[in-house]
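First the structure, in the form of structure tokens, and then the observations on it.
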Amino acid sequence: MGWLCLRHVILRRGLDDLDESNCDEATLARLICLAEEEGNPSDLLKLARIYSYKKEWEKLLDAFEKLVASRRATQEQQATANFYAGIAFCETGRLNEAISAYKISVESTQREDLKAWAHYNLGTTLAQAGFTLESVSEFTKLLELKSPPLDPLYQGLVNRGSALMDLGRVSEALEDFDRVINAADAPREQKATALVNRGVVEGTKLDLDAALKTSSQVLAMLGIPQGIRARAAFLSCMTLNESGRPKEFCNDLFEVLENTDMPTVREILVPNHQIVSIALIRAIHDQPVRAWPVAISRVIGSFSRLGYLPSLGRSLISHLGELDWLHRSHEALDFWISCWRDASAKLDASARAVMAIPLRWLSAGIEYLKAHDENILLSLPLEERRILRAVLKSPPETQP
């Protein structure tokens, strides 16, 4: 055996049955060497899959481009390579390129499992890109396959239901969610997601008992991802708020905010943080005065950790307009502002700076509510007092 053949055998050893999800650096180096020297499409596909597990998207795309350029890949290898390229394009924010890659994968492959996953990823990416109606069509094509794998099948049903909700087709969305919920072979994660989505619809329709029951079902399930559990807990919190149960709402929401990882909480709160902040402030204020210090300290700590203090500050000022008709005593009003000051004083310097203006406005607003003295508002800069007048619904200033 010649030296070159022996070297090839050594480099190739163990690569045919390689565990791509757990590839060590030495084995990866051998595979890279072979792929660069020989340009074998099978090796380049192995590299693409390894880089997908490692989330090294640019390296994955480099392997994809070399495979396409080699012109030696079969149609099925091209379909698989485009599928992985679609993942990399999507993860790097290049949604249009991801859509094109997934379409090639769908049209090229004869493998039902790959076709199912490509339809699923294409539908999900179309929804991300704002093509909601097109995403429904793509999920429908997935569901029409003869025997797709269970994961893309049921997740496709859940995602089609979500897209139908966005289109206002609520009854069709509920049918999709219920198909997943009632399916004996649906994976637990998909069942939980479908239940949460059904609960959101029930809450929107103000069927609060049903929404609470649905969220409780999810929270009782074992082995579901933290993100789904947090969404169910958040649904329960907002339903408790709508049901007029402020103490339970506050306690349960603090559990979500304080005991869920930051990326998950951010994902939940991004579209809702202004609604949540004003609901929390109202709920805290509706509790007995003795509960204020701890609750206010917790809400400030949570919103500071998440970077949502500006939202909290805006809600605090908006709530000023409600204090007048809540008929709190002067002592209670003074205690309200002192609790917010004390909790803010525990923040770091940058966070204290964010709360400085809302606290100044809150203080001036409360003093005005107590005395109804125009001089209190006139001590503020013109733009600030215009905002406070609007919040407090006080008469506009008379021009001199």
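Below is a table of values for the structure above.
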| item | result |
| --- | --- |
| Residue identified as more than 29 Å from Q287 (Cβ to Cβ) and without any contact (Cβ under 8 Å) to a residue 24 or more places away in the chain among G168, G156, G227 | G168 |
| Matching residues, region 276-324, being of a type in the set (S, T, Y) and over 22 Å from M262 (Cβ atoms) | S318 |
| Positions within region 245-285 being closer than 20 Å to T204 by Cβ, acidic (D, E) and modelled with pLDDT of 85 or more, in sequence order | D252 |
| Residue in region 153-165 that is more than 21 Å from E97 (Cα to Cα), in a helix (DSSP H, G or I), touching a Phe, Trp or Tyr at 6+ places or on another chain (Cβ under 9 Å) and β-branched (V, I, T) present | yes |
| Residue pairs meeting the criteria (Cβ under 8 Å; at least 6 apart or on separate chains; first under 24 Å from D166 (Cα atoms) and touching a residue at least 12 places away in the same chain (Cβ under 8 Å), in region 135-151; second among the hydrophobic types (A, V, I, L, M, F, W, C) and exposed (fewer than 15 other Cβ atoms within 10 Å of the Cβ)) | V136/L167 |
| Selection count, region 319-363, where residues are within 18 Å of Y308 (Cα to Cα) and not in a helix (DSSP H, G or I) | 3 |
| The lone exception for L174 - which of (1) more than 30 Å from G244 (Cα to Cα); (2) assigned to a helix (DSSP H, G or I) it fails | (1) |
| Search result, residues across region 198-211 that are open to solvent by 30 Å² or more (accessible area, probe 1.4 Å) and more than 12 Å from L174 (Cα to Cα) | T204, K205, L206, D207, L208, D209 |
| Any hit, region 171-185, residues being surrounded by 21 or more Cβ atoms within 10 Å (Cβ to Cβ), within 16 Å of V276 (Cβ to Cβ) and touching a helix residue (DSSP H, G or I) at 6+ places or on another chain (Cβ under 6 Å) | no |
| Given (1) within 25 Å of A194 (Cβ to Cβ); (2) over 22 Å from the mean Cα position of the chain (by Cα); (3) surrounded by fewer than 16 Cβ atoms within 10 Å (Cβ to Cβ), index of the condition R111 fails | (1) |
| In region 212-232, residue surrounded by the fewest Cβ atoms within 10 Å (Cβ to Cβ) [restricted to those that are part of a helix (DSSP H, G or I) and within 14 Å of the chain's Cα centre (by Cα)] | Q226 |
| When residues of region 253-267 are limited to those that are touching a residue at least 40 places away in the same chain (Cβ under 8 Å) and open to solvent by 20 Å² or more (accessible area, probe 1.4 Å), the one farthest from S215 (Cα to Cα) | M262 |
| Failed condition for Y84, given (1) part of a helix (DSSP H, G or I); (2) out of contact with any Leu (no Cβ under 8 Å at 6 or more places or on another chain); (3) open to solvent by 20 Å² or more (accessible area, probe 1.4 Å); (4) at pLDDT 80 or above | (2) |
| Sole residue being in contact with a Lys or Arg (Cβ under 9 Å, 6 or more places away or on another chain), crowded, with 16+ Cβ neighbours inside 10 Å and farther than 30 Å from V265 by Cβ, chosen from L306, L392, L377 | L377 |
| Selection from region 364-377 of residues that are of a type outside the set (D, E) and in a helix (DSSP H, G or I) | A364, G365, I366, Y368, L369, K370, A371, N375, I376, L377 |
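The rows are residues; the columns are (1) farther than 22 Å from L61 by Cβ; (2) surrounded by fewer than 21 Cβ atoms within 10 Å (Cβ to Cβ).
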position	(1), (2)
A88	no, no
G93	no, yes
E97	no, yes
S105	no, no
W117	no, no
Y120	no, no
T140	yes, yes
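The values are calculated or read from the model by the stated rules, or taken from the named source; none is laboratory data. The shown structure was predicted, so the numbers you read here are calculated from the model rather than taken from an experiment. Quick reminder, even Gly has a Cβ in these numbers, built from the backbone with ideal geometry, and neighbours come from all protein chains shown. When the accessible area is computed, the model is the full protein with side chains, heavy atoms only, and any ligands, DNA or RNA have been set aside. Shrake-Rupley method; radii C 1.70, N 1.55, O 1.52, S 1.80 Å.
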